[in-house]
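Just below is one structure, and these are the notes that go with it.
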Amino acid sequence: MVPKRDIIGELKQAALTHDLHFCTSNHRAEHWWLMSHGKEFDSDVHELLKKGDFYWPAMPEPNNQDLFSQPYPTTQYLEDWLERVVEIIDRYEPELLYFDWWVQHQAFKPYFQEMAAYYYNHGQKHHHPTGICFKYDGMAFDTGIPDVERGGFAEAKPFYWQTDTAIANNSWSYTTSLEYKSINEILITLIDVVSKNDNLLLNVGPKADGSFAQTDRDILTAIGAWLKVNGEGIYGSRPWKIVREGETNISEGMFQDTSKLQYGVQDIRYTANHGAVYAYVLNPQHKTAVTLKAFHAFDEKNEPPFHWVIKSVSQLGAGETTWQIKPEGMVVKIKPTEQDQPVGLKIVLE
């Protein structure tokens, strides 16, 4: 309205120009009460608000996890919410509709169902991908993608899900006081969630002029460089029969990814792709060998989790390496990487 520009349309065009997936993030449900505290001091959030006003309706903030909280959203507000989402669908056809929390409130149920049916049918009719991401059981099971903010699940799930987190621990937007995560911390999160049938949505906040800080650019470039070497066990992969080895693991639930877990060379995450098994050593610690316990030698009292003929083992980006099956596991020689980044191993089976 104010800039007289189609901001979302420009963002979509820029995303498609750079071969990126275009998605939209929607926090409109919370707008029922989000501006209410502006009434507690001298501001332009006043009592005489009507539909169309920027701060409308500014209702009192409820107990946020009460599924039947009062004041109950009105039909007028809920229809306005639905119409705004449909406008996004019609005009921009995002591949993913990401919804923040509060859509789990009972009042949204019929409107959310109507929106989801419209979006999925629209995608089928116009031949574009669709997905709906939600929090706190905002949709019926297996109708959308559950999202775990700044956290995850301890083990693999039979359903597809998503982790959303930010490049910094202390903010979702650009500030001059960001506490950046390390490159390795982000890579470990990526590998961990992918091994558990998850997708990682990584937030990077632009400056006011639309540019990105150099630190952000450097981190993204480093992630891209690692994926260029190791991505074949990430993109399009599936969880393997064994998800992980090692004692270090995230605590299940939201807001768990800032705990600074200390991963070691024994912490492995597995994926399966291209007819091969991929083993990612989360923190190689400059070691020259790693032991994969899942492939230990077979004996009658201690059957290995996996017992198959192995054709070759290679380190992604470094070529074939030597390996040996021992009682404690398959011992694989590895080459240290720059900045001791996670190492990817490809195990090709006969």
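The values are calculated or read from the model by the stated rules, or taken from the named source; none is laboratory data. This one's a predicted model, so the numbers in the text were calculated from it and none came from an experiment. Reconstructed Cβ throughout: ideal geometry from the backbone, glycine too, with neighbour counts over all protein chains shown. Side chains included, ligands, DNA and RNA excluded: accessible areas come from the protein's heavy atoms. Shrake-Rupley method; radii C 1.70, N 1.55, O 1.52, S 1.80 Å.
Points to keep in mind about this one:
- Count - residues of segment 238-272 that are on the phi > 0 side of the Ramachandran plot and not small (G, A, S): 2
- When residues of segment 294-332 are limited to those that are in contact (Cβ under 8 Å) with a residue 60 or more places away in the chain and open to solvent by 30 Å² or more (accessible area, probe 1.4 Å), the one nearest to E232 (Cα to Cα): G317
- Flag for T189 being without any contact (Cβ under 8 Å) to a residue 60 or more places away in the chain and not aliphatic (A, V, I, L, M): no
- Screening segment 99-158 for residues that are closer than 25 Å to F255 by Cα and among the aliphatic types (A, V, I, L, M) and picking the one that is most open to solvent (accessible area, probe 1.4 Å) gives A140.
- Considering Y120, Y98, the condition of being outside any loop (DSSP other than H, G, I, E, B), touching a Cys at 6+ places or on another chain (Cβ under 9 Å) and under 21 Å from C23 (Cα atoms) is satisfied by Y98 alone.
- Check on S177, free of Cβ contacts under 8 Å to residues at least 60 places away in the same chain, polar (S, T, N, Q), open to solvent by less than 40 Å² (accessible area, probe 1.4 Å) and not in a strand (DSSP E or B): no
- Residue tally, condition over 28 Å from E10 (Cβ atoms), of a type in the set (F, W, Y) and open to solvent by 60 Å² or more (accessible area, probe 1.4 Å), over segment 38-97: 3
- All of T221, T215 fail the test of being modelled with pLDDT of 95 or more, closer than 19 Å to S182 by Cβ and open to solvent by 70 Å² or more (accessible area, probe 1.4 Å), apart from T221.
- Qualifying positions in segment 318-350 - in a loop (DSSP other than H, G, I, E, B) and within 13 Å of Y278 (Cβ to Cβ): P342
- Flag: P284 does not match the condition of being over 21 Å from V194 (Cα atoms), touching a helix residue (DSSP H, G or I) at 6+ places or on another chain (Cβ under 7 Å) and either open to solvent by less than 20 Å² (accessible area, probe 1.4 Å) or of a type outside the set (F, W, Y) (or both).
- Residue in segment 157-167 that is among the β-branched types (V, I, T), closer than 21 Å to I188 by Cα and assigned to a loop (DSSP other than H, G, I, E, B) present: yes
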